[in-house]
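No lab work stands behind these numbers, since they all come straight from the coordinates. All of these numbers come straight from a predicted model, not from anything done at the bench. Cβ placement follows ideal geometry from the backbone for every residue including glycine, while neighbour counts extend to all protein chains displayed.
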Amino acid sequence: MTIGVVGLAAGLAAGGVVLIFALGYALQRTVDSEAFKTADAVAILVGEDALPDPLPVAGSDVRVQVVDAQGRIRAASIDADRLVPMLYAPELDRITGRTGLFVPGQRLDLRGPVRVVAVPAGPPEDPQTVLVAKSMSDVVHSVSVVRTILLISFPLLLTTLAAVAWRVVGATLRPVEALRAGAEEITGGARPGQLPVPASRDEIHRLAVTLNGMLDRLESARARQRAFVADAAHELRSPLTNMRTQLEVAQVLGDRTDWPAVAEDLLADTQRLSRLVDDLLLLARADDAGARQRAAVEPVELGELLARVAQRYPAPPVRVVPPERDLWTLGEPDALDRILANLLDNAVRHARGEVVLAVAGPDESRPRYHLVTVTDDGPGIPPEHRERVFDRFTRLDDARARDAGGSGLGLAIVRELVRRQGGSVRLGDAGPGLRVELRLPLLSPSTESSSI
């Protein structure tokens, strides 16, 4: 605020100085114009050899003389000196063109500085000069009055503007101070909640609404992070507890320990722990928007991809329905492989007899997408829970969740990877069982032709 007042004072001072100079210059130009007008009129009379005596002038602050080349005064106004020219010879030589100069008022018995202009007149054989002098006392007085008014009004104006600015800026910044205090309380842990929103529908109001939205998103992110850490700790603790228990039992049994069986159990827990850590790292990278960069994408033939992934599973229960023609998409091969593997793992764990893996080309309902389906004849998922199962570490209370092979991250990883491929995934009914529908974007015709 102080800087603003200082800047305002400097601006007003600079404006006042410019005003004084501009006013003085304008008034001087006015005096010159009137003097030259009088001089031109007298020069015409000199050219016509019709000079009256004395020369007529308007006003008591004007003096006129007509001087020849020898410095003699040929004619003069009633108050002008008839013996001594208004300008001395060196001063006459300094006047070039339609200019003028200042002389002391005492020389011409006038008040204040005097402006004198010179205009040549007469025939070439008898050159003469018309001198017109006009007092600048009125100009000096006018400039002095304006200067005095500015000097008196400037502090009053500055004080008034500073007071108004202080009130206006204070009223404007008061909501900002409230926002700052609220933010300090929230970040200091004094209270949760949101920042105060001013009643005015201005920029401060919109700023407060935006900041509150940001706080809501940050709180949601912190809650998700806390839940993620708690769930991850719980999931990691289970295999670690199993491994510790087995080692403690083996230590107690000593020579009676079946070490091959213990090693097999430890290896299974280690593999489960390794898969869980890999899944957690993948989701952590997915949450990092700055590091979320897609790997190299390339054309992928979906029929070949389905067949290759299905080979890892026993022929029953997994059955692949080959497409009638090659169907191409553009994506990350490893990510697509991971998507299908997660879906098949989930389906195989819950299927009673069969898992069907199929792919279909675009149709009228999805002209820009291929449709990959994974269908099992297991217990299925109730419709009200089909969106929630994509959340991390989600477990349902039905038979589909009571298994020992899943960590609750498979479908969350599927959704994240599918989004990175530009597709979508949803769950539907398959009679008795679950049908997972995976939409993957078409490869552009030009790229598909070059790939084939």
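The figures follow:
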read-out: Gain in span if fully extended, L51 to T172, counting 0.36 nm per residue against the direct Cα distance; value: 36.2 nm
read-out: Pairwise FRET efficiency - V146 versus R82, Cβ, R0 = 35 Å, nearest 0.05; value: 0.40
read-out: Ranking of H234, H385 by count of other Cβ atoms within 10 Å, fewest first; value: H234, H385
read-out: Residue-averaged [θ]222 nm for the chain, counting only DSSP H segments that reach four residues, each worth -39500 (n - 2.57); value: -18000 deg cm²/dmol
read-out: Value in Å of the Kirkwood radius, where the stretch 2-141 supplies the Cα pairs that are averaged; value: 16.4
read-out: Simple label model, 7 Å out from Cα along Cβ direction - S33 to R319, nm; value: 10.6
read-out: Which of I413, I78 has the fewest Cβ neighbours within 10 Å, and the rest in rising order; value: I78, I413
read-out: Inter-centroid distance (Cα atoms) of the stretch 195-250 relative to the stretch 101-162, Å; value: 80
read-out: Calculated log₁₀ intensity ratio I(q)/I(0) where the Debye formula runs over C-alpha points of the stretch 203-287, q = 0.22 Å⁻¹; value: -1.01
read-out: Backbone N under 20 Å from the F102 label point (7 Å along Cα→Cβ), restricted to the stretch 72-87; value: 86-87
read-out: Helical segments meeting 27 Å axial Cα length and Kyte-Doolittle 0.5 threshold in the chain (DSSP H); value: 2-47, 137-187
read-out: Separation in nanometres of the label points that stand 7 Å from Cα toward Cβ, at E203 and T257; value: 7.1
read-out: Theoretical gain in end-to-end length, S137 to A9 [0.36 nm per residue, Cα-Cα removed]; value: 43.0 nm
read-out: Cα-based convex hull volume of the stretch 298-451 per residue, rounded to whole Å³; value: 110
read-out: Pairwise centroid distance, computed over Cα atoms, of the stretch 1-47 with the stretch 410-438, Å; value: 83
read-out: Sites A69 and T160, calculated FRET efficiency, Cβ-Cβ separation with R0 56 Å, nearest 0.05; value: 0.35
read-out: Average projected area [Cα convex hull, the chain], square nanometres; value: 49.2
